[in-house]
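FYI, it's all coordinate maths here, none of it is from the lab. Fair warning: this is a prediction, and the values are worked out from it, not measured in the lab. Glycine gets a Cβ as well: all are built from the backbone with ideal geometry, and neighbour counts include every protein chain shown.
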Amino acid sequence: MAGKDLEPKLFLPNKMFWIVGPVYSLAEKEFRVIWQDLIINRKLGQDKTIKRAYSPKQGNMWIEFPWGTKLECKSADHSENLVGEGSGPCHYV
C-alpha cells in the first residue's frame, strides 16, 4: 500500500524519494509495486527520457523522471548510505 501512496508524489517536479527497508529484499517489495504499475502497466518504460534500474540482487533499484524527481531503493543494512541532502521533510512509507 505504501508504494501506491507514493506514486502521485512521483509526478511532482524536483523531488527525491527513498524506499528504505531493513534489507534490500524488503524495500524491493514496495519498489516492485511502483515499478509494475508505472514502468510496466502504464508503459512509462517505453519513454526513453525516464532512466531506471531494477536489479534487486545488486541493490540497484531507482527511477529518475525527466522532471527532476528521483526514487531510490535503499537498505538500512547499509546505514552509511542513508545520508541525504536534508533539503526537505522525510516521508516514511
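Observations on the model:
- In a DSSP loop and with at most 13 other Cβ atoms within 10 Å, the chymotrypsin sites (Phe, Trp or Tyr not before Pro) in segment 1-86 are TRP67.
- Rg over Rh, two decimals, segment 1-40 (C-alpha only, Kirkwood Rh): 0.96
- Distribution of pairwise C-alpha distances over segment 33-73, 10 Å bins, in %: 30, 60, 10
- Residues of the chain were split at every exposed loop site, defined as trypsin sites (Lys or Arg not before Pro) in a DSSP loop with at most 14 other C-beta atoms within 10 angstrom, and the longest piece left, sites excluded, is 49-93.
- At R0 = 22 Å, FRET efficiency that the Cβ-Cβ distance of LYS29 and SER55 yields, to 0.05: 0.90
- Gaussian network model of the chain, springs between alpha carbon atoms under 10 Å - residue of VAL83, VAL20, VAL33 with greatest fluctuation: VAL83
- The fraction of all Cα pairs in the chain landing in successive 10 Å bins from 0 to the largest distance is 16, 54, 28, 2, given as whole percents.
- Ranking GLN36, PRO13, GLY68 by how far each Cα lies toward the positive end of the dipole of the chain (charges on Cβ) leaves GLN36 at the top.
- Each residue, LEU12 and ASN41, gets one label point 7 Å from its Cα in the Cβ direction; the gap between the two is 2.3 nm.
- Placing +1 on the Cβ of every Lys and Arg and -1 on the Cβ of every Asp and Glu, with no other charges, gives the chain a dipole of roughly 360 debye about its Cα centre.
- Taking every C-alpha pair closer than 8 Å and separated by at least 6 residues, the mean separation divided by the residue count of the chain gives a relative contact order of 37 percent.
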